[in-house]
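Contents: one structure, followed by commentary.
We did not get these values from a lab; they are worked out from the coordinates using the rules stated. It should be emphasised that the depicted structure is a prediction, and the values quoted were computed from it without experimental measurement.
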Amino acid sequence: MYLGSDRKVKQNLRQLVLTKGAEKYVFRYEQGCEDSLLDALVVQAKDTRTNFDWFDAAVLSFKLTQSLITEADKILSEKAPQMTEPLE
């Protein structure tokens, strides 16, 4: 499943993968479209034709949150002023 607005922005393409037994769920989304990804997880969890359930949606939501936190930390550390001497 691909979630995004403009296919030409390949460098911002992300994916979350869940392997559950013999099934593999792959969700591809563009950076900035995380809300659409969460909506898609809800749709899949509600769909009784698949084995994807609410626990699976929670696991992928957690993985998404962890990746966003890591990305935010990286951005903040790059933009933070570099200290040459320790504070006293």
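Remark: the ASN51-ASP73 segment gains 4.5 nm on full extension, using 0.36 nm per residue and subtracting the alpha carbon distance.
Counting only residues at least eight positions apart within a chain, or on another chain, the aspartates and glutamates with an alpha carbon under 20 Å from that of LYS79 are GLU71. Taking amide H as placed 1.01 Å from N in the peptide plane, ARG14 has its amide H under 5 Å from the amide H of TYR29, GLU30, GLN31, each at least 5 places away in sequence or on another chain.
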